[in-house]
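Shown next, in structure tokens, is the structure this report addresses.
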Amino acid sequence: MAASPHTLSSRLLTGWMGGRVWHLERRGVQESPHRLLHLLRNVNQQWVTFRHLTFLRRMYVTQLNRSLNQQVKPKSEPAASPFLEKPSLEEGRAEIYEMRPLSAPSLSPSREPNEKEVLELESASVIEGPVAVGKEAKEERQWKEMKLHLDDLPGVLARLSKIKLTALVVSTTSAGFALAPEPFDWTCFLLTFVGTGLASCAANSINQFFEVPFDSNMTRTKNRPLVRGQISPLLAVSFATCCAVPGVALLTWGVNPLTGALGVFNIFLYTCCYTPLKRVSIANTWVGALVGAIPPVMGWTAATGSLDAGALLLGGILYSWQFPHFNALSWGLREDYSRGGYCMMSVTHPALCRRVALRHCLALIALSAAAPALDVTTWTFPLIALPINLYISYLGFRFYRDADRKSSRKLFFCSLWHLPLFLLLMLTCKRPAGRGGAAEPRG
């Protein structure tokens, strides 16, 4: 327990002086409250209130024990930013002396450094210290462009050309070529395969070139090469040109002019119609479905050289399949498309988005029944394709009824395996060449 001031002073002083000090302190402590009460009672002839007594008690305690006074805690100095830090002269000298000691030949132990050497060291510390720190800070704050190594170029170009989408385009083209009622020509097939793949790479690269400002706002597309600055726009356009020119040339002169014209039309439709329309109207979904329906038609025309009912049937199947596939995909990306500024059915017309998906799921059943009527497959195909068509129609109905993320994901993943299985069943049930209304072999 802390001792009072008068007891401490009486312990320090002894004899007559100590006794006198103790008497004065005790008298002052006893008389000070009575004196203060007398003064406050005589002011305006008012009695002392509870607030006055509280104030007097605090003053009395403060006078008796000085250790109860509040002490302001000194404010700690803020940490200096490493970018704005400027070393002092002494710090620069110490750094220079530590980093650059004098060598033995320049200064022997038996000799003290003269004034000229000291001035040189001081000037070196003043100049080199701040300059080194300034260079480091400038390098940290400076924006650095991403360097593209030659080993990373194939992967970057593959992402630029949307290699997975290109693989889907090439596979549907190959299915159209194989379903045509003509003998299989490997040379024509390889030319069609390569030409269609190059045309698809060109269209996808131009699409990414136009959508860089909008892809940067979407989580799904913010890591694309042009958005991240891995390649320049000039390189992207050059790559698209180098793909489009030989691709169209192979399809036109290596296959036939009709297939080459379809390839040019599809590139134009995708880059100049579908891409800008995505920010204007929901009609972009129907235009995009038409773009995806052309590759199997190109495969059919590459094998037959003509645009007949079988080609239109394959185009209609791909056209209808894309609505449940894309509408289910876009349903889970509505927030992303809204940030990017794209006008999609799932964002602006959600009820229409679900209705269209269900409508085209049911259309796949009708198109399966039309295949044997057009002499593309046998009558076995509608029967064996009915279970998978009914299942995707059921998921389309669940998506239409529930309108949630879970039902849309189920429909989307079902569409991923539905199309290859559907085309494989068509190939197994293909009508043999030379029967029905088969066209004559191409020259």
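When the residues of region 374-411 are narrowed to those that are under 26 Å from the mean Cα position of the chain (by Cα) and surrounded by 21 or more Cβ atoms within 10 Å (Cβ to Cβ), which ends up farthest from Asp308 (Cα to Cα)?
Restricting to residues being under 26 Å from the mean Cα position of the chain (by Cα) and surrounded by 21 or more Cβ atoms within 10 Å (Cβ to Cβ), the top hit is Ser408.
Out of all the residues in region 354-373, is one or more at pLDDT below 95 and open to solvent by 70 Å² or more (accessible area, probe 1.4 Å)?
Checked region 354-373: no residue is at pLDDT below 95 and open to solvent by 70 Å² or more (accessible area, probe 1.4 Å).
Hey, Trp186 hits all of (1) open to solvent by less than 30 Å² (accessible area, probe 1.4 Å); (2) more than 25 Å from Gln230 (Cα to Cα); (3) not acidic (Asp, Glu) but one; which does it fall short on?
Going through the list (1) open to solvent by less than 30 Å² (accessible area, probe 1.4 Å); (2) more than 25 Å from Gln230 (Cα to Cα); (3) not acidic (Asp, Glu), Trp186 breaks only (1).
Name the single residue, out of those in region 223-255 being closer than 13 Å to Ile206 by Cα and of a type in the set (A, V, I, L, M), that is surrounded by the fewest Cβ atoms within 10 Å (Cβ to Cβ).
Leu234
Being within 17 Å of Asn207 (Cβ to Cβ) and either over 22 Å from the mean Cα position of the chain (by Cα) or in a helix (DSSP H, G or I) (or both) is the filter here, so list the residues in region 148-169 that pass it.
Across region 148-169, the qualifying residues are Val156, Leu157, Ala158, Arg159, Leu160, Ile163, Lys164, Leu165, Thr166, Ala167, Leu168, Val169.
Examine region 251-264 for a residue that is in contact (Cβ under 8 Å) with a residue 40 or more places away in the chain and of a type in the set (S, T, N, Q), and state whether such a residue exists.
Yes, region 251-264 has at least one match.
If we scan region 281-292, do we find a residue that is without any contact (Cβ under 8 Å) to a residue 40 or more places away in the chain, within 37 Å of the chain's Cα centre (by Cα), closer than 18 Å to Gly176 by Cα and open to solvent by 20 Å² or more (accessible area, probe 1.4 Å)?
Within region 281-292, one or more residues are without any contact (Cβ under 8 Å) to a residue 40 or more places away in the chain, within 37 Å of the chain's Cα centre (by Cα), closer than 18 Å to Gly176 by Cα and open to solvent by 20 Å² or more (accessible area, probe 1.4 Å).
Please state which of the following conditions Leu314 fails to meet, knowing it meets all the rest: (1) over 21 Å from Leu168 (Cα atoms); (2) over 27 Å from the mean Cα position of the chain (by Cα).
(1) is the only condition that Leu314 fails.
The values are calculated or read from the model by the stated rules, or taken from the named source; none is laboratory data. Everything quoted here is computed from the prediction, not taken from an experiment. Positions of Cβ are backbone-derived with ideal geometry, glycine not excepted, and every protein chain shown enters the neighbour counts. Protein only, heavy atoms only, side chains kept; ligands, DNA and RNA dropped before computing areas. Shrake-Rupley method; radii C 1.70, N 1.55, O 1.52, S 1.80 Å.
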